[in-house]
Structures are given as C-alpha cells and as structure tokens.
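Just so it is clear, none of the values below were taken in a lab; they were calculated from the coordinates. On a predicted model such as this, the values are computed, not experimentally measured, just so you know. Because the Cβ atoms are built from the backbone with ideal geometry, glycine has one as well, and the counts that use them run over all protein chains shown.
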Amino acid sequence: QCGTPLPSGALAGLCPACLLKEGAAADTVTAGQKPGFTPPSLADVTPLFPQLEILELIGKGGMGAVYKARQRQLDRVVAFKILPPGIGKDEAFAGRFTREAQALAKLLHPNIVTLFEFGQANGIYYLLMECVDGGSRRQLLQRQKITAQEALAIVPEICEALQFAHEQGV
C-alpha cells in the first residue's frame, strides 16, 4: 500500500510497515466507531484512590484509561489503568479479571510490563503496573513513519515475550 519495495523474503508478499500501520490503526478494534468510555478527569479519579497521586492521563481506549501516577508509600511512578465503570456487572468478569491479573503477575520478563497490584475500589477495576516511558507503538506511528527494518526490529522482542508467556502457561 505504501509503495515501498518489499524486502526479500517478505511473508506472503506483505509489507511489514503496512502491516504494522494497519494493526495500529484507530479503527482496528472498534470497527471505526469511537469507544464509548470517557475516562474520569484527574479531579474525579484522585479522591477514589488516595494511595496514589494521579499525575496525568497518558492513554485511553475502549477498554479503559491509563494514568501516570505516583505510588505515595513507595514513592515510585506507576501506570494506573482503570477499566470502564460497570464492566464488572457480568458475574464471570471478576473471576476472569483476577485470573488474568494473577497470570500477568507471574510474567517477569524485560519485554512484558510488570504488574504490581490489581483490584477493585469504589466499583472501578484497576491495574497498577510498571510505567514505561516512550508511548505506545500507535503513538510512534502517529508521530513518524517507521521503516520496514525498524518495524521488523520490534518483532523479535514481541516473539520473546510471547514465547516466555507461553512457557509460563499463558
């Protein structure tokens, strides 16, 4: 699609850069619809989690919002993800959420964000995770066009993380 000559050995004749761009497109998950979740403002979320100093909103999507926060007792910067209110109305959700968080907590690997804590407070399910500066792959693609070589450099890191998770039973 981008017109760049394909590297030799391109999988099924597909351009790695175009694949990465397509995968990061805003409409790949929501079928072109804007997510219905509007994250709470800093002023609204701060009193709900007094153990945290909420610093800024760093990302949002259909499955929640991520804030940069400081964990007061440990004086460390963390990523604080909240899921949309009401998501826990499904009876099976709480069990799935707990199992998935416990599985993620076991995945200590340099290419996987570390989970510090999870739970529910004030009707809001949350994850407290390692904060990794630099933004998401989607943000990277919005800021600049990356070469096929740069896109392919990411693949081994993703594969290592997936292999590790698979070896841990995830």
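Quick notes on this one:
- Ordering of 111-120, 143-152 by burial proxy (mean other Cβ atoms within 10 Å per residue, highest first): 111-120, 143-152
- Less than 5 angstrom separates the built amide H of residue 131 from those of 79, all sequence-distant by 5 or more or on a different chain.
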